[in-house]
Amino acid sequence: MIATSYSIFSRFERLRALLITDQPVNPTGPITRKVTVLIVGGGPVGLALAAELGWRGIACVLIEQSDGTIVTPRMNSVNIRTMEFCRRWGIADQVHACPFPQDYPHDVVFVTSLSGYELGRIALPPRTSDKPAPYSPMRRQVCSQMWFDPILQRFARTFAHVDLWYRRRLEHFEAARTGITAEVADLETGQVQRVEADYLVGCDGANSMVRQSLGIGLKGETLGHSLNLFFRAPDLLQKCHKQPGTFFLALDRDGLWANMRIIDPANAVWRLMVLDSAGKQTSETTDRNAIIRRALGLPIDVEWLTASNWTRRSMVAERYSQGRVFLAGDAVHQFSPTGGQGMNTGIGDAVDLGWKLGAVLDGWGGDNLLSSYDAERRPIGIRNVALTTDFYLEHEKFGDPFAAIEDDSPVGTKMRQSVGEALVRGVGRMFRTTGLELGYCYENSPICLSDGTSPNPDNPQDFVSSTRPGSRAPHLWLRKDHSIIDLFGRGFVLLCFDPIAAENSVLEAAAINAHVPVQRITIRDPDAAQLYERRFVLVRPDGHVAWRADNMPADAGSVIEAVRGAAA
Ligand SMILES: Cc1cc2nc3c(=O)[nH]c(=O)nc-3n(C[C@H](O)[C@H](O)[C@H](O)COP(=O)(O)OP(=O)(O)OC[C@H]3O[C@@H](n4cnc5c(N)ncnc54)[C@H](O)[C@@H]3O)c2cc1C
């Protein structure tokens, strides 16, 4: 049972004001456009930032040099936290309804080849038969980037104050203390437009021009060079006598060398990834027929589609921002895809930056709020890159030859059993990532108030729910289809688990005094009270805990100054 009290929500007034200033200026001189936030890059992270800003009523323009068509999709796995953001934006149903069949098992299977021996299987049920987990209203989803990006794009376009400009490229920019001036080329007409912005966000991918222009380097290492080959092969699993599954990893006599993923079952589209081509095999020079023969173990004709070479990196930028310029996504962290966290981490960046930009543009964010973006998100980038690199290094443990692995003999049988178990235990870790996805905490954040408790164990597999400041506020069903996390998003939420004490909420009064949007919600649910650990929990617009205690603070004003980034 919940009761609410509302305070400041001036979003629509602010939006109207922004729309008025967000008009072309100087229409008779050089083409100049004044925008509030200029986003460079229309990959999933730039689109997610446009969506988050749009949802918050912040005007922005996104420029993308391509026409938005995804020729070689990379991402397939939308993690639990990203699905929670999609739920908040109201687009989770669209992800659920993507063309990946609802009843298709997500099993991960280790094989000697697709038609060879099955060494081990991790059963991951299809969407339709899976029970909701206790820790989230959402589940991880399989949804290729070729479907996911257009969902974000359509959602961003629903906001009149969000503009997506395709076939436009950032050529150059200058960042001053008061704003950004950018030159944007229209790749259709060749015309160069001058754009003035309050803030610039580089979501421009691994070779980020924005990051390089600022002289911000990357720290880390290159892990290898991989090759992706896309092909169409109807009824492939039947031809190879395999039970359905989504992801097949191939280990033969020469070790673990490739994986095959079904991207679009309805159209029989697969991706074969050669794990390490040592930088020598390119999509042009490689003998595709030999590779597919080795992967399938049978001479089956496939229709070749697209191909791409890419470099597997384990790198994080030295800084995530400089003045009025911010960076997000692959521009600042480059992952091994093992574990499927690259885009998901980038979407976490977009959500963190989005509410902070909104708060500052709304006038209630303090002078240090935007600098907390680097302080909070860079450690998460470092953490997630390290964990997914570790998953890749598990593959390397199976790089040596397994001479008897395909032998029809007692030695072969024994080897298959022990290698299969070791693969499920070791390489299989990258499919057991609930702790990685939900358990990150903004330790030492300048805008979360430590309560002196010790950090929870940070285990990528097991998620420990917590309201320790900096953590994602935990999920619990308040009633059918209503999670407690559905209460978070627009402003701060002060959860009170003691109805009497809630009446004297000096924290709410201090927030109102500082023009911080806050909603006080009293919850009379003993399970929620136990889960939330303290009588009062202050949750930020991104759903992370900013402060908690059993009593109202003696100096409520300084708590609010800290959480809005206004403390020294
Ligand atoms: C094989 C593979 C599988 C993966 N699987 C997963 C997965 O399952 N889950 C997951 O979370 N991640 C996965 N990833 C990682 C994921 O694909 C990336 O992390 C994600 O695409 C990064 O998104 P982004 O928007 O930051 O960058 P990008 O997707 O690289 O987008 C950057 C955009 O910026 C544009 N751009 C660049 N410069 C300019 C300019 N000057 N002007 C205008 N536009 C510009 C580019 O055209 C591009 O569209 C995978 C990666 C690979 C290689």
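Quick note: the coordinates plus some simple rules give every number you see, no bench work behind them. Predicted model only: the values in this text are computed from it and were never measured. Glycine gets a Cβ as well: all are built from the backbone with ideal geometry, and neighbour counts include every protein chain shown.
In whole Å and largest first, what semi-axes does the C-alpha gyration tensor of segment 377-479 yield when each eigenvalue is scaled by 5 and square-rooted?
One finds semi-axes of 40, 16, 9 Å for segment 377-479.
For a quick check of your reading of the filter: which trypsin sites (Lys or Arg not before Pro) in segment 471-515 sit in a DSSP loop and have no more than 14 other Cβ atoms within 10 Å?
Hits after loop and neighbour filter: K480.
Using a 7 Å offset from Cα along Cα-Cβ at R154, what residues in segment 81-95 end up with backbone N under 18 Å from the label point?
So the set is 83, 86-95.
Once you keep just the Cα pairs under 8 angstrom separated by 6 or more residues, what percentage relative contact order results for segment 427-568?
27
For segment 189-250, restrict the atom set to alpha-carbon positions and state the Rg and Dmax in Å.
Here Rg and the maximum Cα pair distance are 21.9, 60 Å.
Peptides 299-306, 249-256: what's the order by average Cβ count within 10 Å, highest mean first?
Answer by packing, highest mean first, reads 249-256, 299-306.
I'd like the Karplus ³J(HN,Hα) series for segment 114-123: coefficients 6.51, -1.76, 1.60, θ = phi - 60°, whole numbers in Hz, and an x wherever there's a Gly or Pro.
4, 9, x, 5, 8, 8, x, 9, 9, 6
Which Rg and Dmax, in Å, describe the Cα atoms of segment 387-433?
Radius of gyration, then largest Cα-Cα span, for segment 387-433: 12.2, 38 Å.
For segment 488-568, what is Rg from Cα atoms divided by 2.2 N^0.38 Å, rounded to two decimals? Working shown, then result.
Working: Rg = 11.8 Å, N = 81, 2.2 N^0.38 = 11.7 Å.
With N residues counted in segment 488-568, Rg over 2.2 N^0.38 Å equals 1.01.
What FRET efficiency would be calculated for the residue pair D458, Q243, taking the C-beta separation as r and a Förster radius of 35 Å, to the nearest 0.05?
Result of the calculation: an efficiency of 0.50.
Considering the Cα trace of segment 464-514, what is its radius of gyration and what is Dmax, both in angstroms?
Both quantities, over Cα of segment 464-514: 12.9, 35 Å.
Just name one of G120, P134, A176: the one whose Cα is farthest towards the positive end of the charge dipole of the chain (beta-carbon charges, Lys/Arg +1, Asp/Glu -1).
Of the candidates, P134 comes out farthest on the positive side.
Percentage of Cα-Cα pair distances in the chain greater than 35 Å, rounded to whole percent?
40
Could you tally the net charge around F326, taking each other residue with its Cβ under 11 Å from the Cβ of F326, Lys/Arg +1 and Asp/Glu -1?
Once all neighbours under 11 Å are counted, the net charge is +2.
How do 399-406, 133-140 rank on mean C-beta neighbours within 10 Å, highest first?
Most protected by this proxy first, the peptides run 133-140, 399-406.
Take the residue pairs K242/K480; K34/K219; K242/K397; K242/K414; K34/K356; K219/K356 and return only those whose Cα atoms are more than 28 Å apart.
Distance filter (> 28 Å) returns K242/K480; K34/K219.
Mind ranking 80-89, 230-239, 528-537, 332-341 by how tightly packed they are, going by the mean number of other C-beta atoms within 10 angstrom, highest first?
In descending order of packing, they fall as 332-341, 80-89, 528-537, 230-239.
Determine the gain in length on full extension of the stretch T178-N444; use 0.36 nm per residue of separation and subtract their C-alpha separation, reporting nm with one decimal.
92.8 nm
Could you check the spin-label model distance between K414 and H515? Points 7 Å from the Cα along Cα→Cβ, value in nm.
Each label point lies 7 Å from its Cα, and together they span 7.6 nm.
Show me the three semi-axes of the equivalent ellipsoid for segment 425-536, from the C-alpha gyration tensor (sqrt of 5 times each eigenvalue), largest first, rounded to whole Å.
They are 29, 17, 13 Å, listed from largest to smallest.
In segment 248-406, what is the volume of the convex hull around the alpha carbon atoms, normalised per residue and reported in Å³?
Value for segment 248-406: 148 Å³ per residue.
Once Rh is set to the Kirkwood radius over Cα pairs, what Stokes-Einstein translational diffusion coefficient, in µm²/s, holds for segment 204-292 at a temperature of 37 °C and a viscosity of 0.692 mPa s?
210
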